[in-house]
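Report on the structure given below.
The values are calculated or read from the model by the stated rules, or taken from the named source; none is laboratory data. Just so you know, these numbers come straight off a predicted model, no measurement behind them. Cβ placement follows ideal geometry from the backbone for every residue including glycine, while neighbour counts extend to all protein chains displayed. Remember, those area values only see protein heavy atoms, side chains included, never the ligands or the DNA or RNA. Shrake-Rupley method; radii C 1.70, N 1.55, O 1.52, S 1.80 Å.
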Amino acid sequence: MMGETGSGKSTLMDILMGLLAPTKGGLFVDGIPINEGNVNDWKRYMSHVPQTIFLVDSSIKENIALGVPLHLIDDDLIFEVAKKAYLFDFVIKLPNKFDTNVGERGVKLSGGQKQRIAIARALYKKSDVIIFDEATSALDNKTEELVMNCIEDLKKDLTIILIAHRLTTLKKCDLILELSNGRIIQRHRYADLIDIQKK
């Protein structure tokens, strides 16, 4: 999803997440309308990875399974989602591994490591849909590429929705929606957008 500031990307995201009801039309998933009666069920299927990741001053494991009591955390699932989020190899080299404290707001971690914890968190929740809201915009190019490779691997099993300002962030998307003034004005493929830019 792409568009200038104020084009409606955030509003559309809020509608997709069930936080806002559309003023016209409706939100349909597999032909089923999302309404007050089932919106909470729909929310359980999705996770949101924002630009600024919320981390508590606790262990990596507790941040992945955020909100789950320590004694109920599934360590096998923690390992599984960490591998899918390209996080496992980094964490396993730490002295305290998954019990390593991240510090207040994740001060002990890099931006890319925080993003991968957020991805692992979404996978731990067993979400079917993950929305990335400008999630890589603050990363350097090398780290963004690593995170995008992780997202590319995930899209085989999940529905991934990316909101981005940088066109290159969208290069592995199957479909790109361009918004303007609260409307979808174009549907693109990445290759077509590159061709347009070259002309």
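Convex hull over the Cα atoms of segment 38-134, averaged projected area in nm²?
Numbers: hull surface 25.0 nm².
Average projection, Cα convex hull of segment 38-134: 6.2 nm².
Calculate, for the chain, the solvent-accessible area per residue in square angstrom, rolling a 1.4 angstrom probe over the heavy atoms of the protein chains.
Details: 11740 Å² over 199 residues.
I get 59 Å² per residue for the chain.
Would segment 1-54 count as rounded, prolate or oblate if I go by the C-alpha gyration tensor, calling it rounded below 1.5 in a/c and otherwise prolate when a/b exceeds b/c, oblate otherwise?
Working: a/c = 2.32, a/b = 1.31, b/c = 1.76.
Oblate.
Please compute the length gained on full extension between residue 54 and residue 93, using 0.36 nm multiplied by the number of residues separating them and subtracting their Cα-Cα distance.
Numbers: separation 39, 0.36 × 39 = 14.04 nm, distance 2.35 nm.
That works out to 11.7 nm of additional length.
Which of the residue pairs 9/61; 93/142; 43/97; 108/172; 43/171; 84/125 have a Cα-Cα distance greater than 25 Å in the structure shown?
Working: 9/61 32 Å; 93/142 21 Å; 43/97 31 Å; 108/172 30 Å; 43/171 27 Å; 84/125 13 Å.
Flagged as over cut-off: 9/61; 43/97; 108/172; 43/171.
What Rg and what Dmax come out for the chain when only alpha-carbon atoms are used, in angstroms?
Rg and Dmax of the chain, Cα atoms, are 17.8, 59 Å.
From the helices alone, meaning DSSP H stretches of at least four residues, give me the mean residue ellipticity at 222 nm for the chain, per-run term -39500 (n - 2.57), in deg cm²/dmol to the nearest 500.
Values: 8 runs with 69 residues, N = 199.
Taken over the chain, the calculation gives -9500 deg cm²/dmol.
Heavy atoms only, probe 1.4 Å: what % of the accessible area of the chain goes to carbon and sulfur, would you let me know?
Details: 5980 of 11740 Å².
Accessible surface attributable to carbon and sulfur in the chain totals 51 percent.
Net charge near residue 85, counting Lys/Arg +1 and Asp/Glu -1 over other residues with Cβ under 12 Å of its Cβ?
Combined, the nearby Lys, Arg, Asp and Glu give +2.
Rank 132, 28 by accessible area, highest first, at a 1.4 Å probe radius? Please list the in-between numbers first.
Working: 132 5, 28 125 Å².
If we order 132, 28 from most to least accessible, we get 28, 132.
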